[in-house]
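One structure is given here, and the rest of the page talks about it.
The values are calculated or read from the model by the stated rules, or taken from the named source; none is laboratory data. This structure is a prediction, so every number in the text was calculated from the model and none was measured. Note: ideal-geometry Cβ built from the backbone for every residue, glycine included; neighbour counts use all protein chains shown.
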Amino acid sequence: MILDRLENAAPYRGYHQRVAKAFDYLAKTDLLALPAGKYELDGDRLYAMVQRSRTRRLDEIVWEAHRKYIDVQYVAAGAERMGYVALDETLKVAKPYSEEGDAVLLEAHGSFFDVRAGSFVVFGPKDVHAPGLAVDDLPSDVVKIVVKCRID
């Protein structure tokens, strides 16, 4: 997992070639002008999902992990809390892996951190995460762009 501000993304460009392209897209696009929806950048290999949503309370937490995609989650407006724990075999599966959604849902306990406007988080395949949570458990509006970067 990587957490930083978009203006500091340069050192992380080597993580994966599509992550570098995700940073380019985020830096060069007027993200707040985009309506919610999916934007193909390179077919199913690289695409962005613009989300205009309300953060959820902690009792609505969903822990997830992916196999085929790296997530670059960028908060364009507002703030949200996210959870993180490293994937290991001791975590109990709440919902088996779905090839279509590229997600397994897990029962987990991890660390939490706040992501404010202008910041991004990169979650790799070994990073179990719980996005979309309310800061201080007070739901609020957020604009977030999730760029999905296919690993292969």
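Structure data summary
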item	result
Residue that is buried (at least 16 other Cβ atoms within 10 Å of the Cβ), of a type in the set (A, V, I, L, M, F, W, C) and more than 12 Å from the chain's Cα centre (by Cα), where the choices are Ala108, Ala94	Ala108
Residue in the stretch 136-152 that is modelled with pLDDT of 95 or more, of a type in the set (A, V, I, L, M) and in a loop (DSSP other than H, G, I, E, B) present	yes
Boolean, Ala33 is out of contact with any helix residue (DSSP H, G or I) (no Cβ under 8 Å at 6 or more places or on another chain) and crowded, with 16+ Cβ neighbours inside 10 Å	no
Members of the stretch 111-152 that are hydrophobic (A, V, I, L, M, F, W, C), more than 13 Å from Ala22 (Cβ to Cβ) and under 11 Å from the mean Cα position of the chain (by Cα)	Val115, Val128, Ala130
Residue selected from the stretch 111-129 under the condition loosely packed, with under 14 Cβ neighbours inside 10 Å and charged (D, E, K, R), by the criterion nearest to Pro139 (Cα to Cα)	Arg116
Failed condition for Asp137, given (1) touching a residue at least 40 places away in the same chain (Cβ under 8 Å); (2) buried (at least 17 other Cβ atoms within 10 Å of the Cβ)	(2)
